[in-house]
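See structure below.
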Amino acid sequence: MKLSRLALAIALAPTIACADELSLDQALKLSNTVVTANREAQPRGDSSAAVSVFTRADIERLNPSSVGELLSRVPGVQVTRNGGRGANTSLFIRGASNAQSLLLIDGVRVGSVSSGGAALQFLSVEQIERVEVLRGSRSALYGADAIGGVVQVFTRRSQGAGTRPYMRLAAGSEGTFERSLGLSGDDGITRYNLTGSLEETDGIDRTGTSYTSDADHDAYRNRSFGLNLAHALNDDLEIGLSALDQRGKSEYDNPYGRYDSSTYLSYPAQNWAEFSLSSISAYTDARLSEQWNSRLELGHSEDKQEDLDKLYPSRDQFNSYRDSAAWLNTFDMGSGHQLRAGLDYLEDSLHSSTAYNEENRWNQAAFVQHGYQGELFSTELGLRHDKNEQYGSENTWNAALTVPLNPDNDLVLSYAEGLRVPTFNDLYGPDAWGANPELDPEHSKSYELQWRSQLAENTRLEASLYRTDIKNLITYVWDNSIFIGRNYNVDQARINGFEASLQQQLGAWTGNLALSIIDPRDRDTGHTLARRAKRHLSLDLDRSFGAFAAGASWQVYSQRYDDTANQCEISGYGVLDLRGSWHASEELAFDLKLANVLDKGYSTALYQYAGDDRYYGYQETSRSLLLGLTWTPEL
């Protein structure tokens, strides 16, 4: 990450407009607030969007090994990866594809402009304060790529008043070691957090059947650095800066081998990737009057990867750079009315060892959204206008109506439009990849009915019934007459779904249940969309015993298909994890996690070995153990 380029960056970390005037850092520690739904902090009950929230306390309790593992607990969210830590990971929200969902880090758009999607596998859990998962289209606020939903990661924040250092060490199976150091402070005017961490593992052999060169374990190493700083110049003006940099090395198996176009043969390969995933942001937040809050934001992110082969002198490089700017205004119009309006600018750039016809693209946008909160009903109505260098103008709408049936039950009816702009691979890549500069964006229309119920004082139920129609899906079509394929807008998809979450607190017991049932289909063929399981159940149970705590997580998936033709089936599976912790003192805590207790062999993606016609599953981690220590000394 070049600091000279990043000094101007600003992020979309929204302002706090809560009545009690919480700082953003304080709001991010609360489970009953949400930021991503409307690009500002608000009570979750005031938002029409379906949002799941993980605070830092949740992350430490659940002790996930990766962001993907954390997200897999969310109803309607499925995560696939090509085996083990650091492996290529894809995110499917409500049946939408990996490229149809948006990842933000402190408001900054992150991801590959060449292939689409974001490198979730390289996000360090130790650098995260909070994760919000918005399920359903939000293109009217965020623009392209938010068809399935939006995942926003917030970096670590100050831990409270005074200066507070912290340290964590962990070691476990497969040669896994985790180390992190941090320092945070808050004197009432300036808040800061500084964190550095190192994660290493010898990994596993991800492909049991492949070339001999793939028979080794695939190691992973990630060095990460995080900084968050906020300073109040006065009661009405705050400035801030955040930075996140993660880089390292990830070995991976290549069962397809290295293809030689001159001989039409594949040869063994022994691949690894050198990666860097980074973002930097800054903001100026000003309360200009009692009714008007204005926020100026800029951001820069980089997603860089270089693929190498120990058996062949090749270097394939794909480096994405994204610069953004935003001006967000919130107007309190009184009598329950609020208006949000803003401008967005985004410029994408690609530097690659492969020649592309175009390497830069910009997008300008303006949006406005009106919200009303009343006793009998509440409404939202929003419009966004995007002007893209490739496509010209696109408009997206969203609308929602919330009706309180009684103090404990709400019904929410909503409509949202979405779009996905084709990637640089789709449009500008080599002809051999099927690039087609005439492609249109994908468009979606979503309809949703939510029921939110406080069944009892310690029992919360949220359920959603939804339908999403997507047209102009981009599909690679092979032409036998010219022995080459090409991308076309030919498919349409229909996704019907039901999801529910139940939170229960009973004495010292805490339970969280998530259920998803989806029917994601290609409307032209009737086939189920690839790599989406139709049924998914997640259950977390935790129990405290004074200074001790214990918990278990159980996840169950039905079968799915790995291909669009529905010929390659991935078996369903269930995985059980156990965890425990002991707070030996106010400063010292131990934690233990036993993953995949039943040693279940399972896969979420398939591959075909070049020397065999059959398909095999990428191997996931077998039974493993991780023991950790956290020290938070008082100064």
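The values are calculated or read from the model by the stated rules, or taken from the named source; none is laboratory data. Because the structure is a prediction, the values reported are computed rather than measured. Cβ: placed from backbone, ideal geometry, glycine included. Neighbour counts: every protein chain shown. Heads up: the accessible areas ignore ligands, DNA and RNA and are worked out on the full protein's heavy atoms, side chains in. Shrake-Rupley method; radii C 1.70, N 1.55, O 1.52, S 1.80 Å.
Please find, within the range 108-159, the residue that is farthest from N38 (Cα to Cα) out of those that are part of a strand (DSSP E or B) and open to solvent by 10 Å² or more (accessible area, probe 1.4 Å).
R109
Here is a list of conditions, (1) modelled with pLDDT of 95 or more; (2) under 14 Å from the mean Cα position of the chain (by Cα), and P64 meets all of them except one; can you say which number that is?
(2)
When the residues of the range 332-342 are filtered to those that are over 12 Å from R295 (Cα atoms) and in a strand (DSSP E or B), which remaining residue is most open to solvent (accessible area, probe 1.4 Å)?
M333
Only one of these conditions is not met by L12: (1) surrounded by 18 or more Cβ atoms within 10 Å (Cβ to Cβ); (2) modelled with pLDDT of 85 or more; (3) not small (G, A, S). Which number is it?
Among (1) surrounded by 18 or more Cβ atoms within 10 Å (Cβ to Cβ); (2) modelled with pLDDT of 85 or more; (3) not small (G, A, S), the lone unmet condition for L12 is (2).
Name the residues in the range 532-545 that are touching a Ser or Thr at 6+ places or on another chain (Cβ under 6 Å), surrounded by 21 or more Cβ atoms within 10 Å (Cβ to Cβ) and closer than 26 Å to A493 by Cα, would you?
A533, H536
Does L598 satisfy the criteria of being outside any loop (DSSP other than H, G, I, E, B), of a type in the set (A, V, I, L, M) and touching a residue at least 12 places away in the same chain (Cβ under 8 Å)?
Answer is no for this residue.
Considering every residue within the range 88-98, establish whether at least one is without any contact (Cβ under 8 Å) to a residue 60 or more places away in the chain, closer than 30 Å to S622 by Cβ, open to solvent by 10 Å² or more (accessible area, probe 1.4 Å) and assigned to a helix (DSSP H, G or I).
Yes.
For the range 287-331, name all the residues that are open to solvent by 30 Å² or more (accessible area, probe 1.4 Å), under 28 Å from the mean Cα position of the chain (by Cα) and under 30 Å from G374 (Cβ atoms).
Result: W327, single match.
Does at least one position in the range 479-502 carry a residue that is part of a strand (DSSP E or B), of a type in the set (F, W, Y), within 25 Å of E358 (Cβ to Cβ) and without any contact (Cβ under 8 Å) to a residue 12 or more places away in the chain?
no
Going through the range 160-195 one residue at a time, which ones are open to solvent by 20 Å² or more (accessible area, probe 1.4 Å), under 30 Å from A232 (Cβ atoms) and within 24 Å of the chain's Cα centre (by Cα)?
Passing the criteria: only L194.
Any chance you could count how many residues in the range 449-458 are in a strand (DSSP E or B) and either touching a helix residue (DSSP H, G or I) at 6+ places or on another chain (Cβ under 7 Å) or open to solvent by 20 Å² or more (accessible area, probe 1.4 Å) (or both)?
Residues in the range 449-458 being in a strand (DSSP E or B) and either touching a helix residue (DSSP H, G or I) at 6+ places or on another chain (Cβ under 7 Å) or open to solvent by 20 Å² or more (accessible area, probe 1.4 Å) (or both): 5 in total.
Could you tell me which residue of the range 272-286 is most open to solvent (accessible area, probe 1.4 Å), considering only residues that are among the aromatic types (F, W, Y) and under 18 Å from G86 (Cα atoms)?
W272
May I ask you to list the residues in the range 404-432 that are small (G, A, S), modelled with pLDDT of 95 or more and open to solvent by 20 Å² or more (accessible area, probe 1.4 Å)?
Listed by number, the list holds a single entry, S414.
Name the strands (runs of 3 or more DSSP E) wholly inside the range 506-594 in which the number of residues that are of a type in the set (V, I, T) is 3 or more.
Passing ranges, in order: 509-522.
So in the range 461-510, with the set limited to residues that are touching a Leu at 6+ places or on another chain (Cβ under 6 Å) and more than 17 Å from Q100 (Cα to Cα), which one is most open to solvent (accessible area, probe 1.4 Å)?
The qualifying residue most open to solvent (accessible area, probe 1.4 Å) is L465.
In the range 390-403, which residue that is within 16 Å of Y447 (Cβ to Cβ) and open to solvent by less than 30 Å² (accessible area, probe 1.4 Å) is farthest from the chain's Cα centre (by Cα)?
T402
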